[in-house]
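Every read-out reported here was derived from the displayed coordinates using simple, explicitly stated rules and does not represent laboratory data. These numbers were taken from a predicted model, which means no experiment stands behind them. Methodologically, a virtual Cβ is constructed for each residue, glycine included, from the backbone with ideal geometry; neighbour enumeration extends over all protein chains shown.
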Amino acid sequence: MNNKDTIHMSIKEFKENGYKVIDWIADYYENIESYPVLSNIKPGELRKNLPKSPPQNGENFNNILSDMNDKIIPGITHWQSPNFFAYFPCNATGPAILGDLLSSGLGVQGMLWASSPACTELESHVLDWLVDMLRLPKKFKSTTSGGGVIQDTASSATLCALIAAREKISNGKINESGFDDSMRVYTSIEAHSSIEKAVKIAGIGSKNLRLIEVDQNFAMDPIKLREAINNDINNGKTPAFVCATIGTTSSTAIDPLKEIGKICDEFGIWLHVDAAMAGSTSICPEYQFINDGIEYADSYCFNPHKFLLTNFDCSCLYISDKEALIKSLTINPEYLKTEVSDLDTVFDYRDWQVPLGRRFRALKLWSVIRYYGISGIQSHIRVHIKAAKILSDLIMQDNRFEIMAPTVLNLVCFRYKASDQFNTLLLNKLNKSGALYLVHTKLNNKYTIRFSIGQTNTTEEHVVNAWKFILKTTEGMEKDGIK
Ligand SMILES: *Cc1c(COP(=O)(O)O)cnc(C)c1O
């Protein structure tokens, strides 16, 4: 066993290797722009280079680190490259990585307040801070009838909100009786696919999901929403849940929350707001307009792992009636009963999420908020929204291209004025080059390239250089006579 007197890593060895790992990560960030942004390995290529069987006897940790360079890195798509403009960003930062490392080091499991009080209390505290930072309604604070909780992803947050709404509208009956075919859920045709997934998981059924049409800016049309609700009521159905989006994934469209909220209020429908990407921007006063009408929301979620400098995974869910959520998810077997939970004076966060166990995610968020401060986070967001504006202006000045949706925040949607085929080929060429990574969507049924800005180290220069590269690649295609 490597001549060790224990099978475990000694403190001395842990320190030596720990410093090496930090150095490895630092070197990775230093050299990140030298890698092709999109991994170009073939399916199965990584596994071919790994031994068929696990080692019988333990190995030196150095072997693992050297395999990171030789075997793992070629199969990495570099989400932390400043030239990563695909999907939405997935921020990583020094303070978040270190906060997460502390969490790994402590290795606590915070399912109950009593199973590690700091895990629960820091989470409630940081989430209350965020209510003020993002200027969310006070009803989301843990000191009121509401509160916030960290989930892994927005998909889970939306599912939990839906389950709470389902429970509330059925007066607690659904948990007992199971499936109910009468409920209806509404979201726009531009909403994220996680809404449909939640509807399926919650047993409401995808046929009971109404996809509402959007206006010319891809935002939900509240008149169409009202029509759908009235229609369902006339057919004996129960409108239960509306999910509005602040910042859709295709084009960062912002649904008219005020009008939607008034309709939900009138019919007693739960309003959930999915602000996964865009939510973080309301930390800047000038982007607070995105929250117009948020006072109508019964629940709200946004992802610090997208635009608030915090490593994946970290999604914040707020709810104005925490009782509804807890009632819908609580289970209390004998082995989980504790004196304090019985006193009803503390949160047991296992009742706020699908799994029982939970990591100490608040540490990385706390670390980020303290390290950057409000002003640091604001300037980070401003740099990227400004870069998006500059890019959008550059594209508009070139009449070979068209902008496909308003550039509201950090996403620019555009296409070369030619066939979908041309644009598909252009995107493939760009991504194959390794210089940058972009993905596409369809807007008004046309193939559209999405340029999403938000990786921590992306600067205006990266964006302008990427645009120059897009132009050069396009001109090469024009020369080749591709139409
Ligand atoms: C990214 C995104 C989601 C899904 O995020 P996960 O956290 O990966 O589940 C949902 N809604 C919107 C608007 C998004 O941009």
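Data table
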{"read-out": "The chain shape via C-alpha gyration tensor axes, a/c threshold 1.5", "value": "oblate"}
{"read-out": "Helical contribution to [θ] at 222 nm, DSSP H n ≥ 4, -39,500 (n - 2.57), averaged over the chain, rounded to 500", "value": "-13000 deg cm²/dmol"}
{"read-out": "Set of lysines near K173 by C-alpha distance (under 24 Å), chain-local residues within fewer than 8 positions excluded", "value": "K197, K200, K207, K237, K322, K327"}
{"read-out": "Bins of 5 Å, starting at 0 and running to the largest distance - Cα pair percent for region 1-144", "value": "2, 7, 10, 13, 14, 15, 14, 11, 8, 4, 2, 0, 0"}
{"read-out": "Within straight-line cross-link reach of K20, aspartates and glutamates at Cα separation under 16 Å, skipping those fewer than 8 residues along the same chain", "value": "E30, D67"}
{"read-out": "Translational D in µm²/s for region 289-360 (Stokes-Einstein at 25 °C, 0.890 mPa s, Kirkwood Rh from C-alpha pairs)", "value": "169 µm²/s"}
{"read-out": "Cβ-Cβ FRET estimate between K52 and I201, R0 fixed at 51 Å, reported to 0.05", "value": "0.90"}
{"read-out": "Per-selection Rg to Rh, region 108-359 - Cα, Kirkwood hydrodynamic radius", "value": "0.96"}
{"read-out": "Residues with amide H under 5 Å from that of T238, placed H, sequence gap 5 or more", "value": "M183, R184"}
{"read-out": "Residue pairs, from the table K386/K417; K389/K468; K386/K468; K306/K446, whose Cα atoms sit over 23 Å apart", "value": "K386/K417; K306/K446"}
{"read-out": "Extension gain, E121 back to K472 (0.36 nm per residue minus Cα-Cα distance, nm)", "value": "121.0 nm"}
{"read-out": "Distance (nanometres) between label positions extended 7 Å along Cα→Cβ at D132 and S34", "value": "4.6 nm"}
{"read-out": "Whole-Hz couplings from phi, Karplus 6.51/-1.76/1.60, listed for region 225-231; x for Gly and Pro", "value": "5, 4, 4, 5, 5, 4, 4"}
{"read-out": "Under-5 Å amide H pairs with H440, H placed in peptide plane, nonlocal only", "value": "R450"}
{"read-out": "Estimated inter-spin distance, I374 and E286, nm [label 7 Å along Cα→Cβ]", "value": "1.7 nm"}
{"read-out": "For region 377-483: rounded, prolate or oblate by the Cα gyration tensor [a/c cutoff 1.5]", "value": "prolate"}
{"read-out": "3J(HN,Hα) from dihedral phi, region 200-210, Karplus parametrisation 6.51/-1.76/1.60, rounded to Hz, x for glycine, proline", "value": "5, 5, 6, x, 7, x, 5, 6, 9, 9, 9"}
{"read-out": "Ordering of 263-274, 464-475 by burial proxy (mean other Cβ atoms within 10 Å per residue, highest first)", "value": "263-274, 464-475"}
{"read-out": "Peptides 400-406, 64-70, 205-211 ordered by average Cβ neighbours within 10 Å, highest first", "value": "400-406, 205-211, 64-70"}
{"read-out": "Separation of alpha-carbon centers, region 236-266 and region 339-398, rounded to whole Å", "value": "22 Å"}
{"read-out": "Loop-located trypsin sites (Lys or Arg not before Pro) in region 271-373, at most 11 other Cβ atoms within 10 Å (DSSP)", "value": "K337"}
{"read-out": "Between region 465-483 and region 282-304, the Cα center-to-center distance that results, in Å", "value": "39 Å"}
{"read-out": "Paramagnetic label zone (point 7 Å from Cα along Cα-to-C-beta, S182; backbone N under 20 Å) in region 222-241", "value": "228-241"}
{"read-out": "Using θ = phi - 60° and Karplus 6.51 cos²θ - 1.76 cosθ + 1.60, couplings along region 84-97 (whole Hz; Gly, Pro as x)", "value": "8, 10, 8, 6, 10, x, 10, 4, 10, 9, x, x, 6, 4"}
{"read-out": "FRET efficiency, 1/(1 + (r/R0)^6) with R0 56 Å, evaluated for S10 and T238 via beta carbons", "value": "0.35"}
{"read-out": "Prolate/oblate/rounded label for region 351-425 (Cα gyration tensor, a/c 1.5)", "value": "oblate"}
